[in-house]
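The next block holds one structure in the form of structure tokens; read it before the comments.
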Amino acid sequence: MASEISFTENVLKAFKSIIKEIEKGSSEYDVRYRFVKYFVEGVLGYEPKYIKWEKKRADLTIIDENDFAVIKIETKRPTENIDRLEYKEQAFKYEEGTTKYIGLTNFLRFKLWEIKKTGSELKVDIDFSKILEQRKMIENLSSEEKSQILFLNNLTKETLFDPSKYEKFDETYARIDITKEVGFRKLLNRLNFIANNLLLGYTLRAFGEYKEGYSKYQTELSKAEREFKNNKGNKELNHSIAKYRQKLEEKYKKYITFSGYELWKQYSGKEDVSDDEVKEIFCKEAIYVLLNKLIFIRICEDKAFLEKNISNGGVEELRAFLKKRFNEDVINKEILEMAFKSASGLYSHFYEVGILDWFRTGDGELNELLNKVLWILNQFDFTHVDRDILGNLYEKYLPGGERKRLGEFYTPTEVIDYILTSVGYTYSYDIETKVLLDPACGSGGFLVRASRRLISRYLMKFGKTDKRELRDPKNWKEIVSRLSPDEAKIILEASQEHIYGLDINPFACHIAEMNLLFQIIDLYQRTREKYPDYKLKRFKIYRTDSLEKPTQKQIWDYSHSAFLEEQEEIDSIKNKKFDFVVGNPPYVRVQMMDEKMKEYFKKEYKTVTGKFDIYIPFIERGIQWLKDEQKLGYINPNLFLNRDYGKELRRFLLENTRVLQIIDFGDSGVFKDVTNYPCILVVQKSSTKEDNKIKTIIVHQPKEYLLYDIQKRYYESFFRNEYFSIFEVEQHKLGSEQWKLIPEVALMLFNKIKSSTDKTLSQIAERVYEGFITGNNKIYFVSPEKVRQLRLEKSLLKPVPKGRYVKRWNFFSYQFVIYPHKDVNGKTEVIPNLKSEYPNIYQYFKDNETELKKRKYLMDAIKSGSRKEWFEIWNPRSYNWFNQPKIITPNLSTENNFAFDEDGVFLDHDCYGIILEDKKRENYLYILGLLNSHLLEFYLKQISPYASGKYYRYMTGYLEKLPIKLPETAEEKKLANQIIKKVDETLELHKSGIADIDAVLESEETEKLYNLPKVTFNIKDDAKFEEVKTGGDKIYINSRDFIEIKDKKIRDFVDVYLNSNSEKLSKSKDVKNIILNISVPKSDEVLKDIIKKGGADQSQNKEKIKKLEEEINELVYQIYGITKEERKIVETEVNR
């Protein structure tokens, strides 16, 4: 009684406070806020996180701990009459499947409906303003008023969050239809909640417990095994040991399921990764496997394929039955096991216990969590889902980012469809008699799209639809319903017989299998109309190493049958021949493989050579799988076209296939977040290759429906627009050397340049070399500021430009490398008495000794006696290579950026040096002119692969192949002299100015301009940059906007900076932000240097340099005998 009075009193107090706000004339928003504060929070007990203020929906939504909307309250102004029908309709419009109560209030009066399966019932209609106006005491309230106020107790958090609700499945069953958008979004939301809130924390905690438990089991078991081996003749003792082993299994039964963890690490390529780094991935995969199994059961239960075990009344009946046999803390686990056993009768393979089912042996906490998981899934209605909804469900609830984090790489559907069409796997052909394989199937992207095409082929064959309808089958369920059960059964079994998938990752195989189950769910439903006991056969998806030949023994652990396949079936697939091989093979660099794996690939695959990538043997193996004259379509890196490691693959393709098409996406940006540029490769296994022309498509930039547009233009022999180029390359003209996939006219020009001289750079150079490798640049590279602070001895400090500071003609080196080596009779030796001769540098190294000793390769070399000191540069190269004039180039660059170093700077490994045989200065200038010409840039870009951002590689192997035309005739010598003169003029112009201040400042300590004390800004947000004008302390960027700088040095620096960046600023839409964030060097020395060099008229210098470069290009064209038409080809390619 006391509690009733207390609750009633609290409700009345709350509305009294709310009504006071109304009397004060507060706005509706303020009153609504008080309503929440006094009633929803104060009386009902909800924290703000459970209260949602929603625009264009119910004014207030109260959610439970599972994020289900349980209460909806529509609020109106106090002057409004809430008996108006449209207000009730408005309130009910926002009802969700999980809504238990709907409220309508004007803060004076409160109406509340309870939502039941049979409809809604008005439970509360009470005017608090009248009760308070009459100042009724609680005991004077009518029984009806008391009853209605007490009913509000059902809205409290304590009631709606009551754990006992998780026992009630029948009343909450299938309230949310996931075929509707709002229901579908709610399911995604709840699956995410289950995975990341309910189960992830538990599995992460369980991981440590299971790992420790399994480790103890192994230790004790190993001890017993040793005893057994040592006592082979003692039967009695051996019997005791056997009994002891049984006891161990019983004792550690819970943890034995964890035995698959190390196997999982191996399959996932994570053997050498720490537990801390991979345990979340392992746990997440286990969670998704459990959820997938549960979702499939819920689908089957709602479609009446299975009796209800985990939903509706079925779970309540099971719980009542199991309580008689099991303890309370394992009931839900037992329900799960019974449901899985029931589902295995429908599709057994999906429900076999596997590596990722390890945590299902948990108890207590897991049992409670499973109850919540089942209760949440029970809310959703899966009765009417079809393949499209289920496919969409997978895409959304396991999005691309999450799949990538779990080690699975997503192939865009547009690419998959293009490849399938290119190899001829379309419903226009007789694919019902053909077999298809994806040897790296991942989550089944290719298999799903192939399955759809095969099903569509049969639908056409059986006369149920046509191509027009199949182009956009929005009414898929209705199309399938046209099939007879026998026709549906034929298609269902064809999908399982003719489509094969292999993958090394057990989680990927599981997801692929689930996705194929989703594809045939409608067919299965139709089949069961005639064959109610029909059991699904296993899809031909197997976990295996596709590159392991069938004669090789697999790694086995017989305690896990779900993901460790039957060896005979795998071997038969590996020996089988296919009509189509498609896929997106993995990209794994040789550096990431262990020695055993590398040796195996080199032994078994003729295409594996050098620093190969694993996609190379995948291409060879795919072609081996093909029947004669059949086709392979892959998307893989384009590096095999030009890299040395692709040489044997190129030979293999030319000898064994007709290369039908190559789409090189390059750095077009079509694929985001890729580290290797992809290409589509389509080949036909064939011994006849005469007259074959390779359809070559070079993609320039992304656009919507790009591949569709390419397909429309595919049969044109030549086409070019801003998005892609199409041309043909004669296969017989290609060899095992780099494939130059360029139009015929460009190829003829390339060959002309090559044959214009018998000299290459390698023949006129003494050496082309990569710079030194320190093993820890952070320690060895020091700024002038640090040199002064630590008083580092200057004789060991060598100026060193990083690759990004090497530009065409000139370079910047505003930092030093500490080079503790010297030349001794032509050999580079470490300085022996560093501590005594260079004490400050030695102390600096000593302070960083721990980090320097982490360079394992160096420390191992010291142990073997081949190196001496821990502070050595790991690979110092030769002292004399640096200490002389040379041409230098960055390792990676978007264009030719060769510079002349006359002072002998030292080079880091992201630069290459070229020392010529003829060391006369004019010879260096001539060769520099050739190397920086558009002509040799065109040539190099045909032989060098490029990395992200279209950065080409300027490495020894490519540089040495550059054809160098040395002047022989009087006319050629005259041209050469002009080149030398113009290069010299260009160098002088570069010396008089500073081209890239931002690049210089990257290695310097700086302060943002807006942080400096003597600087004020009078620049509007939308200011435009016109030109730089100075007046007193002010620097104007147009007639109105200016910066005022009291410090002259800073003002001069900003003046130089703005002038040198005038082109960038004039194009910018955010001029103010750029100026605010100008980096100002803290070093006076750097500041003065920039001001001095920047004082020259930079715009004039730039124009002069541009004109000289044009003249040098013209002279180089002449010396190589290049015609005007050929020059157009060069300029088009270089400027593309």
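Annotations for the structure displayed:
- The residues in the stretch 499-551 that are closer than 30 Å to V608 by Cα and among the hydrophobic types (A, V, I, L, M, F, W, C) can be counted, and the count is 9.
- Test: residue in the stretch 985-1005 that is among the hydroxyl-bearing types (S, T, Y) and in a strand (DSSP E or B): no
- The listed residue being within 30 Å of L916 (Cβ to Cβ), assigned by TED's automatic domain parsing to the domain that holds P885 and either among the hydrophobic types (A, V, I, L, M, F, W, C) or at pLDDT 95 or above (or both), out of G771, G803: G771
- Residue count for the stretch 81-136 satisfying the condition of being under 23 Å from N10 (Cα atoms), modelled with pLDDT under 90 and acidic (D, E): 1.
- Tally, over the stretch 685-734, of residues that are in a loop (DSSP other than H, G, I, E, B) and under 21 Å from L632 (Cα atoms): 10
- Pair list, Cβ under 8 Å, 6 or more apart: the stretch 163-175 residue more than 17 Å from A69 (Cβ to Cβ) and in contact (Cβ under 8 Å) with a residue 40 or more places away in the chain, other residue in a helix (DSSP H, G or I) and basic (K, R): Y166/K372; E167/R319
- Of residues in the stretch 684-703 being at pLDDT 90 or above and not polar (S, T, N, Q), the one nearest to D667 (Cα to Cα): V699
- Here E469, E493 are screened, and the one residue that is charged (D, E, K, R), assigned to a helix (DSSP H, G or I) and at pLDDT 90 or above is E493.
- Tabulated pairs, the stretch 719-731, first among the basic types (K, R), second modelled with pLDDT under 90, C-beta under 7 angstrom, 6+ apart or interchain: none
- Scan of the stretch 998-1019 for residues that are at pLDDT 90 or above and either closer than 23 Å to S1066 by Cα or of a type in the set (S, T, N, Q) (or both), ordered by number: K1008, L1009, Y1010, N1011, V1015, T1016, F1017, N1018, I1019
- The number of residues in the stretch 111-131 being more than 48 Å from the chain's Cα centre (by Cα) and touching a residue at least 40 places away in the same chain (Cβ under 8 Å) comes to 4.
- Residue satisfying condition, being in a strand (DSSP E or B) and surrounded by 16 or more Cβ atoms within 10 Å (Cβ to Cβ), within set K822, K798: K798
- Identification of strands (runs of 3 or more DSSP E) wholly contained in the stretch 75-181 with 2 or more residues that are touching a Pro at 6+ places or on another chain (Cβ under 6 Å) and in the same structural domain as L60 (by TED's automatic domain parsing) yields no element.
- Residue that is surrounded by the fewest Cβ atoms within 10 Å (Cβ to Cβ) [pool: residues in the stretch 735-751 that are outside any helix (DSSP H, G or I) and touching a residue at least 60 places away in the same chain (Cβ under 8 Å)]: G735
Residues are listed down the side, and each one gets a yes or a no for (1) basic (K, R); (2) surrounded by 16 or more Cβ atoms within 10 Å (Cβ to Cβ):
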site: P1013; (1), (2): no, no
site: K1020; (1), (2): yes, no
site: A1023; (1), (2): no, yes
site: V1028; (1), (2): no, yes
site: R1051; (1), (2): yes, yes
site: Y1057; (1), (2): no, yes
site: S1060; (1), (2): no, yes
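- Qualifying residue in the stretch 139-156 (condition: within 30 Å of N309 (Cβ to Cβ) and either of a type outside the set (V, I, T) or at pLDDT below 90 (or both)): no
- Among the candidates I943, I979, I888, I915, residue that is crowded, with 23+ Cβ neighbours inside 10 Å and of a type in the set (V, I, T): I979
- Summed over the stretch 58-74, residues that are within 36 Å of the chain's Cα centre (by Cα) and outside any strand (DSSP E or B) total 5.
- Matching residues, the stretch 964-976, being part of a loop (DSSP other than H, G, I, E, B) and either among the small types (G, A, S) or loosely packed, with under 15 Cβ neighbours inside 10 Å (or both): E968, T969
- Only one of the numbered conditions (1) within 22 Å of A765 (Cβ to Cβ); (2) basic (K, R); (3) assigned to a helix (DSSP H, G or I) is not met by K961, and that is (3).
- Number of residues in the stretch 240-283 that are of a type outside the set (D, E) and within 27 Å of the chain's Cα centre (by Cα) equals 17.
The values are calculated or read from the model by the stated rules, or taken from the named source; none is laboratory data. If you're wondering where the values come from, they're calculated on a predicted model, not measured in any experiment. Backbone-built Cβ (ideal geometry, glycine too); neighbour counts: all protein chains shown.
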